[in-house]
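Presented below is the structure to which this report refers.
A short reminder: the numbers here are calculations on the coordinates, not readings from a lab. Given the structure is predicted, the values throughout are model-derived calculations rather than measurements. Cβ sites come from the backbone with ideal geometry, for glycine too, and all protein chains shown count toward neighbours.
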Amino acid sequence: MSEIETGNHIGGRWSSTVDTLPVVNPANGETIATVPRSSRETVDAAVAAAKAAAGGWAAIPVFERAAMCVAIATAIDAARETIAYTLSCEQGKILAEAQGEVAKAADGFRLAAELVKQMGGKTLPAEDPSKLVMTLRQPRGVYGVITPWNFPVNIPVEYLAPGIATGNAIVWVPAPSTALVACALMAAIERAGLPAGVVNLVIGEGATVGDAVVVHPDVTAIAFTGSTATGQRIAERGAGKPLLLELGGNGPLIVCEDADLDAAAAAAAGGAFFNAGQVCAATGCVLAHASVVDRLCNKLVARAANEVLGDPLHPATTMGPLNNAKVADKVRAHVGDAVAQGARVLHGGRARPDLGSALFFEPTVVRDVTPAMRLCREETFGPVVPVVAFQDEAQALQMALQNDHGLSVGIFTKNIGRGIAMAKAIPAGIVNINAGTTWWELHLPFGGGSGKKSGIGRLGGMHTLEAMTEIKMISVTCG
């Protein structure tokens, strides 16, 4: 990975700092690179560069901005193998998942290129007959974008592509534990010929550089994907600015008595074991009708047993390590809490340091879980399927309504009328009937339900482009 330029990228130039952070491979604990530990002053420089570039980029015709997004997608495609290898080594996901993520990142730029050409305003009636009233969409200006480590290529693109397409300038703060792949993505963007200052990469600790971006007076809007706790702090610190926040989830997957159990088990296991469960829309508690819970658990155990935990670069591996010690400690704590309160581990439940590092954790199935346990109340962010039994539809719905998170829910039933009724009743941004909680496509709306802890606003397709612009009304007096 020595060919990857490491450092901040501000105003079209790469730079580093005296103080650095290690980049650690979670599969073996080896330090593979160092990246800057930037200061608040570095953020000032990045915001100044973005502010200087913002006006000129906003003035570029929309079809030219769209063409630039296509050029960036082509550059990402050309660097796919390097970016994916770096992603796998740094984040810990298996290489096949990393390659898929990079491909989707290129798709995200192509999607933004198409959609921005379709954005339009309206003409509106006025009481005054001499007035012609119209609306148009304009970029917000300097956008602060703060992104997480679980999908450190695709999630940034969910903001960068719409932001570039709509004419914003961006200061991007990636998670430091996956900053090397951020550099690889930034290098592809640079090779595509994006003008200097339109996207500025600042690497450092969130409490320093992330906070500096949020409170900076010249940053006009904030986008963030990450934990609920951090999102709440950003909402407080950035009060008064437009906020686009995609936060945590622990959405239930409800399996009714008439469900296709093979499909339900596949969805539940897939949503828990993909990326080692480090997905905001990962399978939360599986709420299973008492009449099917035994059979469903058997199918879940069989799927967990088929997972191959190990080196993410090995082609036979299906699940790699967790990314960092903090999340590994939380996974162990959540499983331990459940066992202490009477739950039973049917498969897994242990860390596997013998595989290369303490961050490997077995694919796990836990039954006899109750809504009071941490596995149900908090976002575990690890490869665990907790199973809760319910007696009737009313109890299942009550459990779902008690969930503090409102991101994504799955319901398995052959009674579509019942599925739709439950979907309408559950306050979540996404409810998938006969599909898992992780099903989503780039052009579809993604975000948390009102009154819950999963965020503000909607990502996905045109929704992100609209969020990253503002409506301006213009009137013309004709008489």
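The fraction of all Cα pairs in region 258-305 landing in successive 5 Å bins from 0 to the largest distance is 5, 23, 32, 24, 12, 4, 0, given as whole percents. Mind checking the angle between helix 261-273 and the chain's longest principal axis? C-alpha axes, 0 to 90 degrees, to the nearest 10. Result, in degrees: 60.
Using a Cα-Cα cut-off of under 16 Å, which aspartates and glutamates could be cross-linked to K51, ignoring same-chain neighbours fewer than 8 residues away? The qualifying aspartates and glutamates are E41, D218. All Cα-Cα distances of region 383-467, cut into 5 Å bins from zero to the largest, leave 3, 14, 21, 25, 19, 11, 5, 2, 0 percent in each bin in turn. When Rg and Dmax are taken over the Cα atoms of the chain, they come to 23.0, 81 Å.
With R₀ set to 56 Å, the beta-carbon distance separating I416 from K472 gives a calculated FRET efficiency near 0.85.
How would you classify region 1-115 from its alpha-carbon gyration tensor, with a ≥ b ≥ c the square roots of the eigenvalues: rounded for a/c under 1.5, else prolate if a/b is greater than b/c, otherwise oblate? Because a/c hits 1.5 or more and a/b fails to exceed b/c, region 1-115 counts as oblate. Taking every DSSP beta bridge that has both ends in the chain, the antiparallel portion is near 45%.
Volume per residue for region 126-183 equals 98 cubic angstrom (convex hull of Cα atoms).
Once backbone amide H atoms are built at 1.01 Å from N, I254 has L287, G410, I411, F412 as its partners under 5 Å, excluding neighbours fewer than 5 places away on the same chain.
With N as its number of residues, region 253-442 has a Cα radius of gyration that, divided by 2.2 N^0.38 Å, comes to 0.97.
When the Cα atoms of region 166-291 are aligned to their principal axes, the ranges along those axes come out at 60, 35, 28 Å in descending order. In this simple spin-label approximation, A263 and F63 carry label points 7 Å from Cα along the Cα→Cβ vector, and these lie 4.5 nm apart.
Give me the compactness ratio for region 429-479, meaning the Cα radius of gyration over 2.2 N^0.38 Å. Mind dumping the intermediate values first?
Working: Rg = 16.5 Å, N = 51, 2.2 N^0.38 = 9.8 Å.
Normalised Rg, Cα atoms only: 1.69.
Give the lysines whose C-alpha is closer than 26 Å to that of K326, dropping any in the same chain fewer than 8 places away, or say none. Qualifying lysines at Cα under 26 Å: K93, K452, K453.
Please list, or write none, the lysines whose alpha carbon is within less than 26 Å of the alpha carbon of K414, excluding same-chain residues fewer than 8 places away. Reachable lysines: K299, K424.
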